[in-house]
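*Asks:* Okay, handing you the structure first.
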Amino acid sequence: MTTATRATRTPPATSTTALAKGSKPAPPASLPSLTGLRWVAALLVFGLHVNNFRYFDGTGGRVVTWAFGAGATGVSFFFVLSGFVLTWSARPGDRAPAFWRRRIARVLPVHLVTAAIALLMAFTLEHQSMPSLGQGLANVLLVHSWWRPWWQTLDPVSWSLACEAFFYALFPLLAVGLRRLGARGAAAVAGLSVLAVLAVAWVNAQHWLSQPIDSLPLARLPEFVLGVAVARLVLLDRWRGPGLEASLALAVIGYFLVPQVTTDYRATTCTVIGFALLIPAAAVADLRGLPSLWRGRRLVRLGELSFAFYMVHLLVLRAGTNVIGVKPRFGLTGGLAVTAVAFALSLGLSWLLYEAVEGPARRLLLRRRRSARTQPARQPA
């Protein structure tokens with residue numbers, strides 16, 4: 001592992017830590033390694049879609065399938081990571097409306113812009129599907145993943161945002177319950193969450209329902225709760241999992257085990273434990289100043305762009321079908337060239353979305369509320 005920058009970190013708060021009278025709780029310590037890992041997960045999803053669009057033929061195609069055929073598990077990583085980060089950054093005494101307002105400011109602006117781009121593409125380009133009014137409204141409101149025929153409307157990757165919206169709606173209630181749990185209770189919730197992931201995968205494989213349930217927000221909830229539970233263990237300073245190197249090895253083994261099992265939702269059963277170990281291990285490495293490959297400045301910057309990159313990259317690939325055709329199957333050189341162009345365009349657009357939409361819109365939406373809260377009351381006439 002490369003040597004990471006060391007910095008003084010605020011230790012995790014424990015249930016026995018007492019605050020000085022009248023003092024405010026210290027803000028949660030930053031966890032830059034988790035930001036770097038976000039980029040890796042986004043890159044796995046990008047590679048999956050490059051594989052699905054069949055940019056490569058022959059040996060190149062087989063290598064890309066081997067490397068990125070399990071890239072859909074990157075979304076599972078996002079779900080676990082989301083539960084962890086929200087629990088870690090939860091503010092004491094925070095009210096549900098304030099939490100929801102921050103989450104809306106975080107994800108909705110980029111979602112609306114990419115949905116508008118997808119709609120413009122549907123009107124102007126070939127090989128694009130035109131959504132109905134109901135499908136478009138469901139997408140904008142982030143409820144389209146509840147109905148399988150609509151789950152990939154407009155910007156297809158937004159189905160995971162509909163899952164996240166459901167998680168955000170439940171999180172204040174989950175936080176109240178888990179905040180009262182000790183280490184044993186949190187560990188029990190983590191174990192039950194893993195069992196729930198296995199059970200959902202089994203139900204999905206048996207086709208008990210009329211449609212696959214891998215995009216159903218309720219079916220993906222156990223992954224989110226798993227992240228919440230392991231974050232609780234770290235907050236209590238009771239995490240006893242393997243270190244960063246061992247956790248990464250387990251996650252990689254699970255990832256490459258996927259082709260031996262399946263490429264559908266059951267793939268999650270191969271990676272969920274590795275992800276649930278890797279995320280807290282990276283957090284603990286940051287807290288204790290241990291070496292971490294994922295804490296590098298450039299990787300953290302890419303992690304900051306990862307949400308915008310995730311939201312825009314598939315639109316770039318879909319627009320490219322009007323130039324290079326559908327499933328062109330190039331040789332190795334041609335495939336690498338086209339992939340490099342698609343990646344560069346996606347990364348450039350993600351930087352533009354981050355700098356011009358995501359960051360400014362979040363500051364604007366949250367500033368209005370802060371200014372209203374700090375504005376002095378008007379004196380009566």
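The values are calculated or read from the model by the stated rules, or taken from the named source; none is laboratory data. Please read all numbers here as calculations on a predicted model, not as lab measurements. Don't worry about glycine lacking a Cβ; one is built from the backbone with ideal geometry, like all the others, and counts go over all protein chains shown. These area figures cover heavy atoms from the full protein model, side chains too; ligands, DNA and RNA do not enter into them. Shrake-Rupley method; radii C 1.70, N 1.55, O 1.52, S 1.80 Å.
*Asks:* What's the angle, to the nearest 10 degrees (0 to 90), between helix 183-206's Cα axis and the longest principal axis of the chain?
*Replies:* With both axes taken from Cα atoms, the answer is about 20 degrees.
*Asks:* Given a 1.4 Å probe and the protein chains all in place, what does the accessible area of Val197 round to, in Å² to the nearest 10?
*Replies:* 0
*Asks:* I would also like to ask the following. Rounded to the nearest 10 degrees, what's the angle between the helix 268-288 long axis and the longest principal axis of the chain, both from Cα atoms, 0 to 90?
*Replies:* Once rounded, one gets 50 degrees.
*Asks:* Give me the angle, in degrees from 0 to 90, between the Cα long axis of helix 244-257 and the longest principal axis of the Cα atoms of the chain, rounded to the nearest 10.
*Replies:* In the chain, helix 244-257 runs at an angle near 30 degrees to the longest axis.
*Asks:* Tally up the carbon and sulfur contribution to the accessible surface of segment 212-304 as a whole percent, 1.4 Å probe, everything protein left in place.
*Replies:* After summing per-atom areas, the C and S share lands at 62 percent.
*Asks:* Using only DSSP helix segments of four residues or longer, with each worth -39500 (n - 2.57), what per-residue ellipticity at 222 nm results for the chain after dividing by its residue count and rounding to 500?
*Replies:* -22500 deg cm²/dmol
*Asks:* Please report, largest first and rounded to whole Å, the three semi-axes of the ellipsoid equivalent to the chain, where each semi-axis is the square root of five times an eigenvalue of the C-alpha gyration tensor.
*Replies:* Working through the eigenvalues yields semi-axes of 34, 26, 21 Å.
*Asks:* If amide hydrogens are placed 1.01 Å from N in the peptide plane, which non-local residues have theirs closer than 5 Å to the one on Phe56?
*Replies:* Residues meeting the amide H criterion: Arg329, Phe330.
*Asks:* Can you send over the solvent-accessible area of His127, 1.4 Å probe, protein chains only, in Å² to the nearest 10?
*Replies:* 110
*Asks:* Accessible area per residue of the chain at 1.4 Å probe, in Å²?
*Replies:* Solvent-accessible surface per residue comes out at 51 Å².
*Asks:* Spin-label point model (7 Å from Cα, Cβ direction): what's the Arg91 to Leu120 distance in nm?
*Replies:* With each label placed 7 Å out from Cα toward Cβ, I get 3.4 nm.
*Asks:* Could I ask something else about it? Place a point 7 Å from the Cα of Thr59 along the Cα-to-Cβ direction; which residues of segment 323-351 have their backbone N under 12 Å from it?
*Replies:* Hits in segment 323-351 for Thr59 at 12 Å: 332-333.
*Asks:* Considering only protein heavy atoms and a 1.4 Å probe, what is the carbon-and-sulfur percentage of the accessible area of segment 38-85?
*Replies:* With neighbouring chains kept in place, the figure for segment 38-85 is 69 percent.
*Asks:* Additional query: Rank Pro92, Pro212, Pro328 by mean-square fluctuation in a GNM of the chain with C-alpha springs under 10 angstrom and give only the top-ranked residue.
*Replies:* Of Pro92, Pro212, Pro328, the Gaussian network model singles out Pro92 as fluctuating most.
*Asks:* May I pose another question? Measuring from label point to label point, each 7 Å out along Cα→Cβ, what is the Arg288 to Leu218 span in nm?
*Replies:* Computed distance between label sites Arg288 and Leu218 equals 4.1 nm.
*Asks:* Segment 109-123 to segment 146-183: how many Å between their Cα centroids?
*Replies:* Their Cα centres are 22 Å away from one another.
*Asks:* Around Pro280, under 11 Å between beta carbons, what's the net of Lys plus Arg minus Asp minus Glu among the other residues?
*Replies:* Charge balance in the 11 Å sphere: +2.
*Asks:* Could you derive backbone 3J(HN,Hα) for segment 104-117 from the dihedral phi with the Karplus parameters 6.51, -1.76 and 1.60 (θ = phi - 60°), listing whole Hz in sequence and x where the residue is Gly or Pro?
*Replies:* 4, 5, 7, 10, 5, x, 5, 4, 5, 5, 5, 5, 5, 5
*Asks:* In addition: Roughly how much of Val113 is accessible, in Å² to the nearest 10, using a 1.4 Å probe?
*Replies:* The accessible area comes out at roughly 50 Å².
*Asks:* Taking Cα centroids, how far is segment 28-85 from segment 184-205 in Å?
*Replies:* 23
*Asks:* Another question, if that's okay. Running a GNM on the chain with Cα contacts under 10 Å, which residue among Arg95, Arg220, Arg232 ends up with the highest mean-square fluctuation?
*Replies:* Taking springs between Cα atoms under 10 Å, the residue moving most is Arg95.
*Asks:* Quick one: net charge of Trp351's neighbours, Cβ under 15 Å, K/R +1, D/E -1?
*Replies:* Local charge sum for Trp351: -1.
*Asks:* Now a separate question. Please list the equivalent ellipsoid semi-axes of segment 199-328, computed as the square roots of five times the alpha-carbon gyration tensor eigenvalues, in descending order and whole angstrom.
*Replies:* They are 30, 24, 14 Å, listed largest first.
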